[in-house]
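The values are calculated or read from the model by the stated rules, or taken from the named source; none is laboratory data. This structure is a prediction, so every number in the text was calculated from the model and none was measured. For neighbour counting, all protein chains shown are included, and Cβ atoms are generated from backbone atoms with ideal geometry for every residue, glycine included.
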Amino acid sequence: MNEITRPPPSGYRVEQAMSVWSAARARLLSEDSALEHDQAALDELLGAESDDVEDVLARLLRAARDAKAMAEASAGLIEDMRARKERYQRRNEAFRSTAFAVMDALGRSKLELPDLTASIRAGQPSVQITNEDEIPDLYVELVRKIDRQTIASVLKSGGEVPGAVLSNSLPTISLRTR
C-alpha cells in the first residue's frame, strides 16, 4: 500500500507539538516516581527533547501501547495472586481445623512449641441471621449506587433524569497493532 504523502507541518505546529510533548514529559516526571529518578528509562520511553517531532510521536504511541500491555499483564498477575491467596487461606483453615481436631482428640487445650503456642479457647458469641426480612431497617446498611447505564439509556432516548445530562466526550486516540 502506498502511504499518502502529506506536506510537512508548519514550524508553528511543530513548535506547538513539541511544547505539548515537553509539558507532558515534565508531568510524567513529577507524577511517576519510578521515572522521576530514572532519566534513561524516560528517554528510552519518550526519547530525548532534541528528537524530531515524528520520532517523538512514534515513541509516544509505542509507549502507550507498551503501557497498556503491561497494565493487562499486571491484571493477569493480580488475578493469579488473588487465586493463590485464596488457596493459602483455604489451606490455613484446613490446617487449623485439623490441628484443632487432633488437639481435641488428645484432650490437650494447649501446646507449646519453640516457635509458637497453640491453645483451644472458648468461642466468641457471633450473630446468626435467621430471617433477613425481619431485620429492622435501623440495622440494615443500604448503599446508594448510581446506575449510569440506565441513565444513559433514558437520556439517549430523549427522556430526562434530574441531576444528569448527556455530554459530548473529548476525542480520543485509537491504537491498533499489526
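Assuming Arg59 fulfils every condition listed in (1) exposed (fewer than 11 other Cβ atoms within 10 Å of the Cβ); (2) touching a helix residue (DSSP H, G or I) at 6+ places or on another chain (Cβ under 7 Å) apart from one, which condition is it?
Here Arg59 clears every test but (1).
Just checking, does the range 65-76 include any residue being in contact with a helix residue (DSSP H, G or I) (Cβ under 9 Å, 6 or more places away or on another chain) and either at pLDDT 95 or above or in a helix (DSSP H, G or I) (or both)?
yes
Kindly indicate whether Leu166 is farther than 30 Å from Lys68 by Cα, outside any helix (DSSP H, G or I) and free of Cβ contacts under 8 Å to residues at least 24 places away in the same chain.
no
Across the range 9-54, which residue is modelled with the highest pLDDT among those that are of a type in the set (S, T, N, Q) and part of a loop (DSSP other than H, G, I, E, B)?
For the range 9-54, the residue satisfying everything is Ser10.
Looking at Arg91, Arg82, which is the one that is within 14 Å of the chain's Cα centre (by Cα), among the basic types (Lys, Arg), modelled with pLDDT of 95 or more and in a helix (DSSP H, G or I)?
Arg82
List the pairs whose first member sits in the range 113-129 and is surrounded by 10 or more Cβ atoms within 10 Å (Cβ to Cβ), whose second member is of a type in the set (Gly, Ala, Ser), and whose Cβ atoms are under 8 Å apart, counting only residues at least 6 apart or on separate chains?
Sorted first by the residue in the range 113-129, then by its partner, the pairs are Ala118/Ala99; Ser119/Ser109; Ile120/Ser109.
Conditions first: (1) in a helix (DSSP H, G or I); (2) out of contact with any Lys or Arg (no Cβ under 9 Å at 6 or more places or on another chain); (3) of a type in the set (Val, Ile, Thr). Val127 passes all but one, so which condition is the exception?
Failed condition: (1).
Going by what's in this entry, would Pro171 be described as modelled with pLDDT under 95, within 35 Å of the chain's Cα centre (by Cα) and surrounded by fewer than 10 Cβ atoms within 10 Å (Cβ to Cβ)?
So Pro171 passes the test.
On the basis of being surrounded by fewer than 10 Cβ atoms within 10 Å (Cβ to Cβ), without any contact (Cβ under 8 Å) to a residue 40 or more places away in the chain and of a type in the set (Lys, Arg), does Lys110 make the cut?
No, not satisfied.
Please indicate, with yes or no, whether at least one residue in the range 137-154 is out of contact with any Gly (no Cβ under 7 Å at 6 or more places or on another chain), of a type in the set (Phe, Trp, Tyr) and exposed (fewer than 10 other Cβ atoms within 10 Å of the Cβ).
Yes, the conditions are met somewhere in the range 137-154.
Is the range 159-167 home to any residue that is within 30 Å of Ala63 (Cβ to Cβ) and either in contact with a strand residue (DSSP E or B) (Cβ under 6 Å, 6 or more places away or on another chain) or loosely packed, with under 10 Cβ neighbours inside 10 Å (or both)?
For the range 159-167, residues within 30 Å of Ala63 (Cβ to Cβ) and either in contact with a strand residue (DSSP E or B) (Cβ under 6 Å, 6 or more places away or on another chain) or loosely packed, with under 10 Cβ neighbours inside 10 Å (or both): present.
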